[in-house]
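See below for the structure under consideration.
The values are calculated or read from the model by the stated rules, or taken from the named source; none is laboratory data. Bear in mind that the values here come from a model prediction, so they are computed numbers and not experimental data. Don't worry about glycine lacking a Cβ; one is built from the backbone with ideal geometry, like all the others, and counts go over all protein chains shown. Side chains included, ligands, DNA and RNA excluded: accessible areas come from the protein's heavy atoms. Shrake-Rupley method; radii C 1.70, N 1.55, O 1.52, S 1.80 Å.
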Amino acid sequence: MRDSEAAWHEALYGRSGFFTGGALPADHFRTAPHVGPELAEALLELLSRVDSALGCPARVDFVDVGAGGGELSAAVRSLATGSLADRLVVTAVDLAPPRPLPGVRWRTTLPPSVTGLLVGHEWLDAVPCPVVEWPCADPWLTRWWPLRPGWRAEVGAPRDRAWARAVGRVTRGAALAVDYGHVLADRAAGRYREGTFAAYRGGRRVEPVFDGSCDLTAHVALDACAAAAGGDRVLVAQRDALKALGLTESGPGGGANAGWAASTTSVAASVAASASMAASMAVSRSLRPRPVGGPNSEPGTGAPAPGVSDSRPGTGAPEPDHPTPGVSGSGSGAGAPWSRSGALSAGTGSGAAAWLAAAERASRVAELRAVGGLGSFGWLLHGVGIPVSALLPPLAPWTGSSVS
Ligand SMILES: C[S@@+](CC[C@H](N)C(=O)[O-])C[C@H]1O[C@@H](n2cnc3c(N)ncnc32)[C@H](O)[C@@H]1O
């Protein structure tokens, strides 16, 4: 019988795997890049801080590892402005078939060298790992998830290795992992005693099967990933990081747009409600499972509990860049999901359309910063050759993405 990590890998990345078979993540679950352009705006602010700290090199990379449909890459490419836009090279890395997007190069492996910002957005939770139950003698569990009788867990070592490899490709700049996950204190206290292995299909959580018909995922032990990659780093909540980068419900820069934001609070709430209804067919995978004892705790997922394996997903040998056919240079935004003008329309126009756009924007930012939702995702940020303190101010440490 195959082990769970190999079965998980085959189910997602085999010949008829869920992702390699062509499933578009946005058709099955909702991530922050699907919400709107605001995450890309914040990451462009982070990239511009990286760029300044590097002394504005001739080429600046934005590398989107586990890019999925490429929404984040496309938005970053289309929203970049000025000198940064002229020097920016956007690369999407995914094992799945590339999606042609203006100004975005696709690869199936990590680039050999990155000068700029490498981002893994909801990538590590899709890196297969062993799903086990007590008793299991594994050094990773001893260090990061000590088990007790009846407990299940995921052995995070493959995610640690994947993240360390990715950070290792950054020559100068920063690496950022954004994901849902947990920390040692909660794991050891038994908040996840049933493990977090879960499956999604068509916007719904389903019973996990290993036949390529559904997405398979598990929360990420981001504290273990941080230790594996080492170096100068912080692990903070998305909600706090976005605010530190100027993205609040009152808009980038806060003060200038605070007036319209305040005046649109109630309409923003109703727009948010409709947005949430519209999104109900594509749920965030962070919404479940809840930790044991939390307000929405639920029974086990029926995950198997076989042995440990050291096979892991390929981010191996470097390969040449493959620019999207017929596309080169800086993207104009044509064909991209979010346009520069669209992103900036909130708060700069006049009349009912501008007012509604502002309210919609406020609701999207609220979704990105929601406590217990996307706002409680972890941001693991490493500086390579530049201090993290040049990128973010001191922020409270992240305590996990589930709030009880
Ligand atoms: C959960 S999806 C996230 C997609 C996108 N980043 C987002 O947030 O919407 C995870 C993606 O990571 C990709 N992936 C997983 N392991 C990978 C690897 N080793 N190299 C490249 N891509 C990988 C999968 O194919 C999938 O598209």
Original post:
What's the extension gain from Arg204 to Ser389 if we count 0.36 nm per residue and subtract their Cα-Cα distance?
Top reply: 62.6 nm
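Take peptides 94-101, 15-22 and line them up by average Cβ neighbours within 10 Å, highest first, as a rough protection proxy.
Working: 94-101: 18.2, 15-22: 15.9.
Descending packing order for the listed peptides: 94-101, 15-22.
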Subject >> For Ala67, distant residues with modelled amide H under 5 Å away >> reply: Val93, Asp94
Original post:
Counting only protein chains, not ligands or nucleic acids, how are Cys136, Cys225 ordered by accessible area (probe 1.4 Å), most first?
Top reply: Cys136, Cys225
Original post:
What percent does the relative contact order of the stretch 14-133 come to when contacts are Cα pairs within less than 8 Å and at least six residues apart?
Top reply: 28 percent
**OP:** Collect residues whose amide H, placed 1.01 Å from N in the peptide plane, falls under 5 Å from the amide H of Asp61; neighbours closer than 5 in sequence don't count.
**Re:** Val89, Thr115, Gly116, Leu117
Subject >> Net charge of Cβ neighbours under 13 Å - reference Gln238; Lys, Arg +1; Asp, Glu -1 >> reply: -2
Original post:
Check His219: other-chain or 5+ apart residues with amide H under 5 Å from its amide H, H built from backbone geometry?
Top reply: Thr196
Original post:
Roughly how many nanometres apart are two label points built 7 Å out from the Cα toward the Cβ at Arg59 and Leu24?
Top reply: 3.1 nm
**OP:** Extending each Cα 7 Å along its Cβ direction at Ala353 and Ala396, get the distance between those two points in nm, one decimal.
**Re:** 4.1 nm
Subject >> Approximate spin-label separation Ser213-Ala227, in nm, with each point projected 7 Å along Cα-to-Cβ >> reply: 4.0 nm
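Please report the antiparallel percentage of the DSSP beta bridges confined to the stretch 108-208, to the nearest 5.
Taking every DSSP beta bridge with both residues in the stretch 108-208, the antiparallel ones total about 40 percent.
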